[in-house]
Every structure is written in C-alpha cells, then in structure tokens.
There are 2 protein chains.
Amino acid sequence: MAMARTMTLLLVAAALVVTSCGAWKVNIRMPTVAAMDDAMAPLIHALRPLLGSGRHAGVPCDSWRLGVEAYNVRDWKAVPASCEDYVGHYMLGSHYRRDSKVVIDQAIAYVDSLKLAGNGKEVWVFDVDETTVSNLPYYAKHGFGATPFNVTSFNAYAQEGSAPALPETRRLYNKLLSVGIKPVILTGRAEYLRASTATNLRRQGYSGWMTLLLKAPGFKGSSLAFKSSERQKLQDAGYIIVGNIGDQWSDILGAPEGARTFKLPDPMYYIG
Amino acid sequence: MAMARTMTLLLVAAALVVTSCGAWKVNIRMPTVAAMDDAMAPLIHALRPLLGSGRHAGVPCDSWRLGVEAYNVRDWKAVPASCEDYVGHYMLGSHYRRDSKVVIDQAIAYVDSLKLAGNGKEVWVFDVDETTVSNLPYYAKHGFGATPFNVTSFNAYAQEGSAPALPETRRLYNKLLSVGIKPVILTGRAEYLRASTATNLRRQGYSGWMTLLLKAPGFKGSSLAFKSSERQKLQDAGYIIVGNIGDQWSDILGAPEGARTFKLPDPMYYIG
C-alpha cells in the first residue's frame with residue numbers, strides 16, 4: 001500500500017513537472033489502445049507523450065541520441081537543454097520500448113543459436129539501472145537527464161526499491177533461466193544499496209540470479225574498470241560469460257567483455 | 001565532361017529505378033531551399049525523398065537502424081525488404097547528413113582537445129566506402145542495400161571512380177591536414193582498385209594522404225582482421241593512431257583500434 005501510494009505520488013509529481021514544461025499531454029494509457037508497435041505491451045511508465053519530431057533549434061536531438069548510442073558522443077554531463085522534450089517523448093513513448101525490443105530480439109536469437117555446455121558455468125551479466133529496471137519515475141522529475149545528476153536524490157530514490165522492470169530485459173532474463181544460463185547482476189550502485197536493489201528486482205519479477213555484485217565502498221576508478229575487473233574474477237573462477245547487457249558502453253567495453261554484448265538505449269545519462 | 005555525363009546518366013538511372021518503387025518524389029533540390037538543419041549544405045546525392053516515418057509493417061525500421069549503429073544487429077546480409085523505402089528516405093534526405101555531421105563535430109572537438117606532438121608520426125585512419133566517399137549513386141539503383149550485394153557490379157562502379165565525397169568527412173580530413181595529423185586510407189577494396197580509388201579521392205577533394213592501403217590479392221580473413229593487422233603494422237612502424245573513422249564496426253574494432261574511434265552511419269550494408 002505504502003509503495004502504491006508512493007508510486008502514485010511520484011506519477012502525479014512527474015505529471016506536474018512534465019506539464020509545467022508545456023510540451024506534455026498527461027494521459028494514462030489504456031491497455032486497450034492499440035499502438036502500432038507495442039499494442040498491449042506493458043508500460044514502462046504511465047505517462048503518454050505527444051509525438052516529438054526532435055527537430056529543435058540547436059543540436060538535432062535525434063542525431064545526438066544516435067551519436068550517444070553508437071558511442072560517438074562520449075563524456076557528456078547532461079542531455080542538451082534543447083533536447084529535454086525530445087528525450088522525454090522518446091522515453092515515455094513507444095520509441096524507447098521499440099528500440100529496446102529490437103536489442104532483446106537480437107539477444108534472444110543469439111541465445112537460441114548457442115550450443116550450450118549446460119555445465120552450470122555459463123553466465124550472463126546484467127547491469128541494473130536502465131537495464132533490468134527503469135528509473136523513469138525519477139528521471140521524469142529531473143528533466144530526463146537535462147538536469148545534472150544528483151547522487152543524493154537518486155540514491156534516495158533507489159533506496160525505495162520502486163523502479164519498474166524493463167519488460168524486454170525481463171523477457172531475456174527469463175529466457176536465460178529457462179536454458180540454464182545463470183544471470184549475474186553487476187551494478188555500479190554502492191554496496192549499501194544491496195538490500196533495496198535485491199528487493200526491487202524481486203518485486204519486479206527477477207529472481208534466481210547467481211550473484212549480485214555492487215561497488216565496494218572505497219572503490220576508486222571508473223565504472224568500466226570496476227565492471228571489467230568483476231568480469232575478470234568471474235572468468236578466473238571458471239565461468240563463461242556468454243553474454244553481457246547494459247545501457248552504458250562502460251557496461252560492455254573492457255576485457256573480458258563476454259562472448260557477445262548488447263547495448264540497450266539510454267539517452268538520459270552517461271557513465272564512463 | 002565524360003565524368004559529368006556519367007554522373008548525369010547515373011542520376012537519371014537512379015531516379016528511374018527509384019520512381020519505379022512508387023515511393024520516391026524525384027526533385028532536384030535547389031541550393032536556395034532552406035532546410036532545417038542543412039540549409040545550403042552540399043548534397044550527397046541529388047534526389048529528394050518524401051519524408052518517411054519508418055513505421056512499416058514487420059520490423060520497425062528506425063529501431064533496426066539504431067540496432068545496426070549500436071552494434072546490436074550484426075552479421076546481416078541485406079536491409080529488411082520492408083525497410084527499403086525507409087533506408088532510401090534516410091540516405092537521400094537530410095537525416096543521414098545530419099547524423100554524419102554530429103559524428104564529425106565530435107571528431108573535430110576531439111582533435112581540438114589533443115595536445116599534438118607534431119613529430120609527423122601522428123596519423124588518422126579513414127575507411128573509403130561510406131566514409132570518405134558515398135556509393136549512394138550505386139545503392140540507389142540496388143535497393144539501398146535491400147538487394148543482396150553483388151561484388152561484380154559494385155566493383156565495376158568503383159572502377160569508374162565517380163563516387164561523390166561525403167562532405168562531413170572531407171571537413172574532418174582537411175582539419176587533420178591543417179593540424180599536421182597524417183591521413184591513412186585503409187580500405188577493404190581489392191588492390192586492383194588502387195588507381196580508380198586514388199583518382200576518385202583526388203577528384204573529390206581528398207589529397208595529401210600518407211598512404212593508401214588496399215586488401216592484397218589472396219588475403220584470407222575478415223575485414224576486421226585485415227584492418228587490425230594493418231593498424232598494427234602502422235603502430236609497429238612508430239606511428240601513433242590518434243583517430244580511426246569508418247562506417248562499419250569492423251573498421252574500428254580490433255586492437256589496435258586507435259586512441260579514439262568514430263562510427264559513421266551506414267544502414268545499407270554490413271561487413272564483418
């Protein structure tokens with residue numbers, strides 16, 4: 001109940017913030033509305049955007065987003081101010097979901113192509129934020145990434161454990177469980193968020209992971225270095241990383257990457 | 001004169017093929033038309049598309065294209081048939097140019113951030129097809145990649161040496177020359193295309209490269225392996241690869257990649 005109330009408040013707050021930008025039509029999408037690509041698909045976030053062209057003055061937002069996804073635009077601190085509306089439309093509408101679905105369809109086709117040893121040593125690495133769960137309820141209140149990242153308020157949100165699942169990723173997760181590939185959760189979240197992260201994942205239908213790895217207190221170094229070193233430990237312990245999925249290039253670059261990597265979309269923030 | 005006539009014939013042929021698909025409005029774009037993002041910009045190809053939504057039945061073409069650019073969709077043989085129109089619109093319209101511009105803007109910002117040694121050992125690797133020059137006059141006649149690749153007809157086209165420059169890449173190329181970084185042209189084209197490739201590049205305003213490297217006859221192995229080994233030779237000879245740009249992930253993956261890599265858009269074909 002408390003959780004449902006919090007969620008409702010969050011959504012109302014998000015709606016207020018969003019409408020104050022002047023570009024958002026707040027409208028709970030009914031599951032009976034037949035959208036073109038994702039009719040009946042579970043929502044990631046219950047606000048409905050207007051369609052956005054992305055043709056704003058200044059940086060062309062669609063090209064900027066492509067640059068982010070193809071790892072041409074790096075080390076950025078915030079979404080360009082002129083692209084806040086564009087990114088909001090992208091994240092709240094069917095576009096984000098559709099882009100995510102193509103990634104997961106490719107991942108599942110890859111899994112189906114594997115000749116598995118079935119020895120219990122085959123693992124798949126998942127990131128958390130914007131990979132297993134969506135922080136849109138948070139980012140909708142923080143300019144969809146156009147506001148500089150505030151670690152204090154984000155961690156307070158993460159501690160609630162209320163982030164909704166990304167349904168496409170959950171589909172892959174369950175597929176892997178069904179074929180005997182063990183999920184490893186590897187996140188840059190700090191160790192003190194272990195309980196809330198695990199609770200959040202379970203509430204959202206994720207279970208049966210082999211291990212949940214968070215960043216130890218005092219770890220200095222980039223996310224890329226942290227994640228690479230954790231994957232190296234897995235490999236040294238005899239595990240085969242058959243796949244690795246995240247929303248950041250720092251999730252999937254740095255040896256050992258895993259036999260195949262998948263980059264989920266995320267135009268809201270950059271972690272190096 | 002002969003070249004201009006060939007180009008005109010090609011464009012007319014392309015226009016005929018394109019209009020026969022029923023989805024194309026053939027219309028030479030006047031330089032005085034103010035487009036939103038690229039007013040007065042040189043054209044890559046002189047056909048004007050209708051605006052395409054990319055929402056076709058079957059695979060969502062915009063999401064498929066993003067999947068290609070973010071290296072999630074790999075080893076594909078042809079553009080999905082339902083996306084031929086979408087890719088044609090993308091390539092002929094301002095979208096491709098706009099996406100390319102963001103990549104080159106990032107590359108130039110990176111060049112500006114470098115502290116160069118200026119010792120003549122700093123090089124930048126360029127691919128050829130869809131990187132320095134555009135084969136759109138060819139692909140417009142071959143389904144924008146929806147028709148399976150035909151090496152014989154493509155090589156005959158390449159031998160004409162008539163491919164137009166990609167203006168954004170040429171901007172980067174000239175910037176590098178101006179700061180003393182030496183361009184290295186590294187292409188998977190076969191050695192017998194050396195003269196036509198060099199002529200094509202010079203006609204299109206590229207000059208002063210340090211070396212032009214083509215695939216030796218009898219080379220077995222992937223494009224990725226070929227290009228990596230050539231970059232290794234450069235490095236072994238004391239060169240510093242400060243940048244590397246191509247339209248294929250196989251241009252920019254594989255150690256030594258270069259200090260920074262840039263992926264230009266190309267939804268028309270895949271080379272592994």
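At-a-glance table
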| item | result |
| --- | --- |
| Alpha-carbon Rg with Dmax, taken over segment B:148-272, Å | 14.3, 41 |
| Cβ-derived FRET efficiency at R0 25 Å, A:A237 paired with B:A259, nearest 0.05 | 0.15 |
| Under 5 Å, built H, 5+ apart or other chain: amide partners of A:K182 | A:E122, A:V123, A:W124 |
| Chains A and B together, accessible area buried on both sides, 1.4 angstrom probe, square angstrom | 2600 Å² |
| Pairwise label distance in nanometres, A:N119 with B:K220, each label 7 Å out on the Cα-Cβ vector | 3.0 nm |
| Accessible area of segment A:118-210 belonging to carbon and sulfur atoms, whole % at 1.4 Å probe | 52 percent |
| In sequence order, calculated HN-Hα J values of segment A:155-163 (Karplus, 6.51, -1.76, 1.60; Hz; x Gly/Pro) | 5, 4, 5, 4, 5, 5, x, 10, 5 |
| Shielding by partners, peptide B:256-268 (average Cβ within 10 angstrom, other chains) | 2 |
| Pseudo-label separations to other copies for A:L177 - Cα-to-Cβ vector, 7 Å, nm | 6.0 |
| Cβ neighbours within 10 Å from other chains - mean over B:92-103 | 4 |
| Average other protein chain Cβ within 10 Å of Cβ, residues B:243-254 | 0 |
| Nm distances between copies for B:R74, ranked from closest, using label points 7 Å along Cα→Cβ | 2.0 |
| Inter-copy separations for A:A109, label at 7 Å along Cα-Cβ, nm, ascending | 3.3 |
| Shape metrics for segment B:57-103, restricted to C-alpha atoms - Rg then Dmax, Å | 11.0, 30 |
| In segment B:202-261, chymotrypsin sites (Phe, Trp or Tyr not before Pro) in a DSSP loop with at most 12 other beta-carbon atoms within 10 Å | none |
| Neighbour net charge for B:T169 - beta-carbon separation under 11 angstrom, K R +1, D E -1 | 0 |
| 10 Å-binned pair-distance histogram of segment B:49-178 (Cα, whole percent) | 11, 35, 34, 16, 5, 0 |
| Mean Cβ count within 10 Å, highest first, over the residues of peptides A:184-193, B:80-89, A:84-93 | A:84-93, B:80-89, A:184-193 |
| Across A:K101/A:K215; A:K77/A:K101; B:K115/B:K263; A:K263/B:K182; A:K233/A:K263, pairs whose alpha-carbon gap is larger than 31 Å | A:K263/B:K182 |
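The values are calculated or read from the model by the stated rules, or taken from the named source; none is laboratory data. For clarity, every value in this text was computed on a predicted model and none was experimentally measured. Every residue, glycine among them, receives a Cβ derived from its backbone with ideal geometry; neighbour counts consider all protein chains shown. Each accessible area value is taken on the protein alone, full model and side chains, heavy atoms only, with ligands, DNA and RNA left out. Shrake-Rupley method; radii C 1.70, N 1.55, O 1.52, S 1.80 Å.
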